[in-house]
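Colleague: One structure, as C-alpha cells, below. Some questions next.
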Amino acid sequence: MLSIKKVENGTMNMLNRRSLVLGLLSSSLIFYQSKLTFGHDNSSNSGNIEQYKSSEDVLIIVDMQNDFCPGGTLPVQNGDRVIEVINKIQKKFQYIILTQDWHPEDHSSFVTTNPKKEVFSTKKMPYGNQVIWPPHCIIGTKGAEFHKNLITNKASFIIRKGFRKHIDSYSGFFENDRVTSTGLDGILRSLNIKRVFVAGLALDFCVQYTAIDSAVLGYSTYVIQDATLPVNIGNSVQETVNNFKKNNVGFGKLEEFI
Ligand SMILES: [Zn+2]
C-alpha cells in the first residue's frame, strides 16, 4: 500500500508521490483499455470519435456490389453514392465484415428460373413468400464483385450468402429459411462483439434483415442512415423503419450512437 507522509521539508515524499501518480495512471489505463483500443489513423479531424476504435463494435457492410449499383442488374438508385460515407466510417472501426450476395446462375429467386413470373412479384417457397428478382450477383461474375470504390482491405471477414439454389438469403446471419446460419453470429461471439453497426445495400431488404437478426440475437444494433439506400418496392421503406422501431434497432447517423 502506498503511504503518504510528511517528510522533514514539509513536502510529500517524492518517490511515494510518483508511485501514487503512476499507480493511478496505470489502473485507469487498464480500465480504459478493457473497453477501448486506440486507433492509429490520424488522417481525419472530424471529431472525438476519431480518437478510438472500440473492440466491442463491428461494422457490417452489406452487399456493396456492382449489381446493386447503377449499371448493375438490380440497381439501387444512387446506390454507389453511399460508398464515400462507408469508406469514411470504416476508419472508426477495428472490426469490419463484408457480406456478399453470391448466387448460382439458376437460383430459385431469379425471374429466369421462373419464366411465368414477373420481376418483383412473389412466389411461395417452403420457407414463405419469396420475391422474384432479376438475375444478380452470380458467382464469379463482375456483377457479384464489390464496387471498385469500396475499400475492402480493412475487412477481416467476407460472409457469402445465397449460394444454395433453393434458399435466398437477405440477412448476413441466416438464410431466408431462418434456420440455415451463415456463421456470422459465431464470428461475432468469438470476437466478444457487443454492438453491431450496419451499412450498405439495400436498406429495405438485406440491411433490414441483417439488422433485425442482429438485434434478435442480442447485439445492440444500429443502422447508419446516411450509409444505406433502399430498393423501395411498394411500402418497403416505411415497413423497414417500423420494424427497426419494433426491434429496438437504432436508425440515424453514426455520430448519434458512437
Ligand atoms: Zn440476391
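The numbers here are math on the coordinates, done by the rules we state, and not lab data. Everything numeric here is computed off the predicted structure, so don't read it as measured data. We place every Cβ from the backbone using ideal geometry, glycine too, and count neighbours over all the protein chains shown.
Colleague: Counting other C-beta atoms within 10 Å, which of 170, 95 has the fewest, and how do the rest follow?
Modeller: 95, 170
Colleague: Next up: Can you tell me the dipole magnitude for segment 43-256 around its Cα centre, using point charges on the Cβ only (Lys, Arg +1; Asp, Glu -1), in Debye to the nearest 20?
Modeller: Working: 23 positive and 22 negative charges, 46 e Å.
Magnitude of the dipole: close to 220 debye.
Colleague: To make sure I understand the rule: partners must be lysines, Cα under 21 Å from the Cα of residue 88, and not fewer than 8 residues away in the same chain. Which ones qualify?
Modeller: Leaving aside lysines fewer than 8 places away in the same chain, those within reach of residue 88 are 53, 148, 154, 253.
Colleague: Hey, which aspartates and glutamates would be in cross-link range of residue 92, C-alpha to C-alpha under 15 Å, not counting anything within fewer than 8 residues on its own chain?
Modeller: Result set, ordered by chain and number: 41, 50, 56, 57, 84, 255, 256.
Colleague: Express in nm, to one decimal, how much length is gained between residue 256 and residue 226 on full extension, taking 0.36 nm for each residue of separation and deducting their alpha carbon distance.
Modeller: On the way: separation 30, 0.36 × 30 = 10.80 nm, distance 1.19 nm.
Going from the current span to full extension adds 9.6 nm.
Colleague: What is the order of 136, 147, fewest Cβ neighbours within 10 Å to most? Working shown, then result.
Modeller: Values: 136 23, 147 20.
Least crowded to most crowded, the residues run 147, 136.
Colleague: Arrange 99, 240 by Cβ neighbour counts within 10 Å, fewest through most, would you?
Modeller: On the way: 99 29, 240 24.
Ordered from fewest to most neighbouring Cβ atoms within 10 Å, 99, 240 come out as 240, 99.
Colleague: Another question about this same structure. Add +1 for every Lys or Arg and -1 for every Asp or Glu among the other residues with Cβ under 15 Å from the Cβ of residue 117, and state the total.
Modeller: Value of the local net charge: 0.
Colleague: Could you name the lysines in cross-link range of residue 123, using Cα to Cα under 30 Å and dropping any fewer than eight places away on the same chain?
Modeller: Straight-line reach from residue 123, under 30 Å: 142, 161, 165, 245, 246.
Colleague: In whole Hz, what ³J(HN,Hα) sequence does segment 136-152 give by Karplus (6.51, -1.76, 1.60; θ = phi - 60°), x for Gly and Pro?
Modeller: 7, 6, 6, 3, x, 8, 4, x, 8, 6, 5, 4, 4, 7, 6, 6, 10
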